[in-house]
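These notes are about the structure you will find just below.
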Amino acid sequence: MTPLSAERIAAADILRGFALFGILLVNMRYFSSPALYVEDVGDGALNRAVAAAIDLLFEASTYPLFAFLFGFGTVVLYHRLRERGKRPLPILLRRFLLLLAFGAIHAFGLWFGDILLPYAFVGLILLLFMNVPSRWWRTTALVSFFLFHSFMTLLLAISMVAGWMGAANDREAEASVALHHYQSGTFRDVFWQRWHDWLYLNSDGGLLFTLLAVWPFCLLGAYAAKERWLEAGRYPAATLRRFMVVSLCLGLTLKTIPYWAGANALTMYIQDNVGGTVLAGFYAAAAVLVGGKANRRPAWRWLQDAGRMSLTHYLLQSLICTSLFYSYGLGWYGRVEEWQGALLAVGLYALQVWVSRPWFQSFYFGPAEWVWRWATYGKRPPFRRRPSQ
């Protein structure tokens, strides 16, 4: 592999900035209601239309982007450290252990739907593959993806034929308890409810499922870094446009399967894990296209700046939303309709984008990124820019 550019890759930051918006829209329902147990978008055509739009355009199409970029960033950092004559593995090991700490604080101190813990575990596994030929990354990513999801699809098909059904009444009881604790419980009630929700989501193979789902995208991102997929000029614009057309049409066709073939566990699994992946490919190609055109970069610079401090914004989204919805804040939990939650997400993200641009005029890093970098390297990096810079 030829040496990687020392500059930040515009397409990667644009993609991070976009994924931040999508993940907030998807997560808002879980911030504001017991949708983990009983998913109810509410009455009214507006609520259903907003829920369908989020489902088709963002559900299961943003976490693959974050996972892809996590693997991409890991390999870029690894090679840049080698070019500087440093030992990458000890530095990356500290980096992922620190991410593990960030994830634990986030999951148990703010919100149960944390994704940083799985990324930290996957990052530690990635360290074992850093020196393998790049074709191994690609092959392992594709084999892992198709074997895992083929196996899960087969299991779901067998379960449907056997007439298996979930215990809806038990989930309704869980939803009622969560509603009470988050809406009007004490700080202690909220903490233990958060702990219970995390266990519900991650026990009985839930965490393993997340790791296996994220793993192929991290590997593919690592391969993309080695092959310079996201760098400007890597592919002709016409090739990117053709890929975008195919992936958009195929992705939306797969994402709409539950709407025209009937909603059940099997069709929704295909919708999310196949359709969501294909649509994520469309978003990635679009970011490469706009990131590679110098005359278009100013229009996307706001999104790019938000992506540069994605860890800070991700944590802030949890802090702000839990403060709005939980009892120790405004107590809006269970009182916000689907369209209102989506509008709130749009407003919060617009605020984050608006803040990001002037932030980087005064500072080098986002606050969380600065702490992460300081602890990773064991050396305090510069934070505030001088006026002349």
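The values are calculated or read from the model by the stated rules, or taken from the named source; none is laboratory data. Everything numeric in this text was worked out from a predicted model, so none of it was measured. All Cβ positions, glycine included, derive from the backbone under ideal geometry; neighbour counts span all protein chains shown. Remember, those area values only see protein heavy atoms, side chains included, never the ligands or the DNA or RNA. Shrake-Rupley method; radii C 1.70, N 1.55, O 1.52, S 1.80 Å.
Only one of the numbered conditions (1) free of Cβ contacts under 8 Å to residues at least 24 places away in the same chain; (2) under 30 Å from Ser184 (Cβ atoms); (3) surrounded by 14 or more Cβ atoms within 10 Å (Cβ to Cβ) is not met by Tyr364, and that is (2). In the condition set (1) at pLDDT below 95; (2) over 26 Å from Arg29 (Cβ atoms), Pro367 is compliant with all but (1). Among the residues of region 242-254, those that are buried (at least 18 other Cβ atoms within 10 Å of the Cβ) and either closer than 13 Å to Phe282 by Cα or of a type in the set (Phe, Trp, Tyr) (or both) comprise Phe243, Met244, Ser247, Gly251.
Looking at region 43-73 only, could you name the residues that are of a type outside the set (A, V, I, L, M, F, W, C) and either closer than 20 Å to Gln271 by Cβ or in contact (Cβ under 8 Å) with a residue 24 or more places away in the chain (or both)?
Within region 43-73, Gly44, Asn47, Arg48, Asp55, Glu59, Ser61, Thr62, Tyr63, Pro64, Gly71, Gly73 meet the criteria.
Only one entry in Ile105, Ile91, Ile9 is open to solvent by 20 Å² or more (accessible area, probe 1.4 Å) and more than 27 Å from Gly341 (Cβ to Cβ), namely Ile9. Set side by side, the residues Phe72, Phe58 differ, and just one is touching a Leu at 6+ places or on another chain (Cβ under 6 Å) and either buried (at least 16 other Cβ atoms within 10 Å of the Cβ) or under 18 Å from Ala213 (Cβ atoms) (or both), which is Phe58.
Show me the helices (runs of 4 or more DSSP H) entirely contained within region 149-241 in which 3 or more residues are at positive phi, at pLDDT below 95 and surrounded by 15 or more Cβ atoms within 10 Å (Cβ to Cβ). Break it down into steps so the answer makes sense when it comes.
On the way: elements: 168-184, 187-202, 206-226.
Because the criterion is at least 3 residues that are at positive phi, at pLDDT below 95 and surrounded by 15 or more Cβ atoms within 10 Å (Cβ to Cβ), no helices (runs of 4 or more DSSP H) in region 149-241 meet it.
Per the listing Trp359, Trp339, the residue uniquely in contact with an Asp or Glu (Cβ under 8 Å, 6 or more places away or on another chain) and surrounded by fewer than 20 Cβ atoms within 10 Å (Cβ to Cβ) is Trp359. Test Asp272 against the stated conditions and say whether it is open to solvent by 30 Å² or more (accessible area, probe 1.4 Å) and within 20 Å of the chain's Cα centre (by Cα). The answer is yes for Asp272. Candidates Leu344, Leu324: the one that is touching a Phe, Trp or Tyr at 6+ places or on another chain (Cβ under 6 Å), aliphatic (A, V, I, L, M) and either part of a helix (DSSP H, G or I) or within 26 Å of Gly73 (Cα to Cα) (or both) is Leu324. Leu128 meets each of the listed conditions (1) in contact (Cβ under 8 Å) with a residue 12 or more places away in the chain; (2) open to solvent by 90 Å² or more (accessible area, probe 1.4 Å); (3) of a type outside the set (D, E, K, R) apart from (1).
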